Amino acid sequence: MTIQNEELRYEQLFRVTAKFHSSMEIDDVLAEVIHTLRDVYPSFTYYLLLAHDNKAYDAIPIKDLQFETGVNTAAMQAFVTGKIQIKDSIKEKQSIMYAPLKGKQGVYGVLEIIAPNSMMFPKSEIRFIELLANTAGNAFENAQLYQQSKQLVADLQLINETSHRLNSNLRLTETMTFMSEQIIKSFEASEVGFIVVNSQGDTEVLPGSTEFFEDEQSGEYLEFCITKIMKQKEPIFIGDLQTEMSFTQTIYKSIMAVPMVQRDEIIGFAIVLQKKPYFFSFDKFKLLQSLIHHSSLAFTNSILREELETLVITDYLTKLYSRNHLDNMVQKSMEDDAYGTFILIDIDNFKKINDTYGHQVGDETIIQISNLIKENIRDHDIGARWGGEELAIYLPKVDLEAGYTIAERLVQRVAEQSNPKVTISCGIAAWKKENKETFQSLFHRADYALYIAKESGKNQVIANENKNYDEVKKPTK
């Protein structure tokens, strides 16, 4: 084995010290330690034993520092005591030195140096390696503190930006989508979900969650979180879900879940998943807790705001839209669309229902017919309570013939399914862009058609095909 003289070794130490002070990258520090040792002792073998929360670098021989009892006791002694440990093996004809990478605030790892074909580690080299390890430990500590401070600044910026955005009165979908994007970007998450849980334990996946949480496969993850968070009142931070008995086979290994709290009550939770085990650090877990804590009020405000908006445009009894909302949506459609159809509905002989069964049954009858309306129109169609026992439907981008078919089907189903048995009459009118009609005119034509339907036998649909009120009839199919 050829060893450079002492003067050259200390020139190497001076050079590597200068290199350490010129870089704040942890991988540069570790790589320089190995590079220097290989220059000085080319026949030795080297490993850096680091804790689990340090990432592995392809170009650097890094091994995990094992903390189990009886596993590499000398390495653990060096890590715990901060003093060099040497293990000589006559049988294996090698000597191994464990030099702690020691900074001012603690020990960050252990440098393992294997001297082959040597009964004892050369004493002349111990001092040099100790100096190199101490220098590297200080440089490692400085680089780690620098990286931590950079990460802390980035985390604070993330919290500040998130709080600013969430306080700008975003819609619920915009709020949750923004949060989801921020978490995926900052945490490198595979899936992000925001779950609201009601008092009965039923869950609702909020918009903005990744598509996985709309799939049945997410069920076991959500059930696991509900049990842990809602019942045990604890957040979840697990490095490998396969260690849990309920997860023998799981796509996602790493999980973090943090409760969303409002007025000391848990209203739901945020869940973050990653396919790789032990992917999230504890610092990331604390960051997620801080983010959700700062965001919970904005989540709740968005939910309450949209619930209030829904109440404002919703009829209390029927849960159909209000007349005012229907007016606004028809006006908007007449500005944006090419055509549409308006249906005005009246319950036949409704006074007789009230007189015979009472007003409560009368209300239940209106609710029954309202539910049938909801079942027989599309999501973007507008079903509304017009007033009293009168209801209305607006069908954007639907012509008169198609609208008539929908109205006829509704008349038939009310007659078949209502209890007590009632019937309805419908007046229907359609508009086209080229006719430049107002909603007031459209309403009057449908209202006149409804009058004809009531006067000519009820339980039917009558259409007013144009602006001439005397031309009301069933459209030709």
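Screening residue 200 on (1) within 22 Å of residue 295 (Cα to Cα); (2) in the same structural domain as residue 256 (by TED's automatic domain parsing); (3) modelled with pLDDT under 70 shows it passes everything except condition (1). In region 159-196, the qualifying residues are those that are among the polar types (S, T, N, Q) and not in a helix (DSSP H, G or I), and the one that is modelled with the lowest pLDDT is 169.
Among the listed residues 356, 341, which satisfies the condition of being hydroxyl-bearing (Ser, Thr, Tyr), more than 36 Å from the chain's Cα centre (by Cα) and under 17 Å from residue 447 (Cβ atoms)? Every option except 341 fails the conditions. Going by the conditions given, is residue 425 out of contact with any Phe, Trp or Tyr (no Cβ under 8 Å at 6 or more places or on another chain), within 26 Å of residue 375 (Cβ to Cβ) and at pLDDT below 95? In short, no.
Entry remark, region 364-388: residues being surrounded by fewer than 21 Cβ atoms within 10 Å (Cβ to Cβ) and out of contact with any Leu (no Cβ under 6 Å at 6 or more places or on another chain) number 14 in total. Checking each residue in region 177-186 for being buried (at least 22 other Cβ atoms within 10 Å of the Cβ) and under 19 Å from residue 277 (Cα atoms) picks out only 183. Remark: pairs (first residue in region 430-450, farther than 16 Å from residue 461 by Cβ; second residue among the polar types (S, T, N, Q); Cβ separation under 6 Å; 6+ apart in sequence or on different chains) = 439/331.
Look at region 214-233 and say how many of its residues are surrounded by 21 or more Cβ atoms within 10 Å (Cβ to Cβ), under 26 Å from residue 264 (Cα atoms) and free of Cβ contacts under 8 Å to residues at least 40 places away in the same chain. Quick ask: steps written out before the conclusion?
Going residue by residue through region 214-233, those that are surrounded by 21 or more Cβ atoms within 10 Å (Cβ to Cβ) are 218, 221, 225, 229.
Now restrict to residues that are under 26 Å from residue 264 (Cα atoms): 221, 225, 229.
Imposing the further condition that a residue be free of Cβ contacts under 8 Å to residues at least 40 places away in the same chain reduces the set to none.
Count: 0.
In region 420-448, what residues are part of a helix (DSSP H, G or I), of a type in the set (Gly, Ala, Ser) and buried (at least 21 other Cβ atoms within 10 Å of the Cβ)? Residue satisfying the conditions is 446 alone. Going residue by residue through region 269-276, is there one that turns out to be among the small types (Gly, Ala, Ser) and out of contact with any Gly (no Cβ under 8 Å at 6 or more places or on another chain)? No; the residues of region 269-276 include none that is among the small types (Gly, Ala, Ser) and out of contact with any Gly (no Cβ under 8 Å at 6 or more places or on another chain).
The values are calculated or read from the model by the stated rules, or taken from the named source; none is laboratory data. Everything quoted here is computed from the prediction, not taken from an experiment. Note: ideal-geometry Cβ built from the backbone for every residue, glycine included; neighbour counts use all protein chains shown.
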